[in-house]
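Worksheet: the structure to be examined is printed underneath.
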Amino acid sequence: MKNVFLFIFITSLLLSCEKTDYSLTQIKGKQIEINDSIKTNETFESILKPYREHIEGQLSEVLAHNKRNMKRTDGPFNSSIGNMMADATMELANPIFKQRTQNTIDIVLLNFGGIRATMAEGNVTRKTAFEIMPFENEVVVLELSPKRIQEMLDYLASENSAHPISGMEIQLDRNNNLKSVEIQGTPLDTTKTFL
């Protein structure tokens, strides 16, 4: 009798260890619309309310007044918002850089794609700034050799987009070849490094 139990036990153990292939046969999903029908959780709302009011108060602070609409696509090689952002970066970063290094920044070049929104005519608030550049942004200062400056100029001439620039003026001929370059109002010195 013990052998029969042992045989049944071992057989059932071996059969239960049989490998089974499982495969996905169906996916079900349900879209839940977020609208006014969802009830507010009053506990969460009471905790979040002071933070929301504080942030909304700060973001609605008026910083300036814009006289016209500005967007990154209002010119083929220059844009109103791009020029403003590059000039603002130069103006705000240069004093800090000079204090730390006793040097000044010659050129600011920003990425065309970094500007994410237009700036409408009217009041400019902190919220406007977050809409224009919504990501963690930082200024990186590089020292560029004449060879690297030339590579940058060649790239900008071939790119056909309005990368925001401050401190440098580039003139192209009709075929998008470099005609002249000035940095800080002086013709490009091909023996000098720039910041």
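The values are calculated or read from the model by the stated rules, or taken from the named source; none is laboratory data. This is a predicted model, so every value here is computed, not measured. No Cβ is skipped: glycine too gets one built from the backbone with ideal geometry, and neighbour counts run over all protein chains shown.
Among the residues making up segment 18-76, those that are in contact with an Asp or Glu (Cβ under 9 Å, 6 or more places away or on another chain) and in a loop (DSSP other than H, G, I, E, B) are K67, R68, N69. Within segment 150-189, track down each residue that is modelled with pLDDT of 90 or more and of a type in the set (S, T, Y). Selection gives Y155, S166, S180, T186.
Candidates in segment 78-102 are the residues that are β-branched (V, I, T) and more than 19 Å from the chain's Cα centre (by Cα); of these, the one that is farthest from G114 (Cα to Cα) is T101. Residues that are surrounded by 15 or more Cβ atoms within 10 Å (Cβ to Cβ) and either touching a residue at least 40 places away in the same chain (Cβ under 8 Å) or closer than 25 Å to N69 by Cα (or both) within segment 142-153 comprise L144, I149, Q150, M152, listed in sequence order. Tallying residues that are exposed (fewer than 14 other Cβ atoms within 10 Å of the Cβ), of a type outside the set (F, W, Y) and under 9 Å from the mean Cα position of the chain (by Cα) within segment 112-136 yields 4.
Is at least one residue of segment 75-85 among the β-branched types (V, I, T), surrounded by 11 or more Cβ atoms within 10 Å (Cβ to Cβ), touching a Lys or Arg at 6+ places or on another chain (Cβ under 8 Å) and within 24 Å of V108 (Cα to Cα)?
The answer is yes; a qualifying residue exists.
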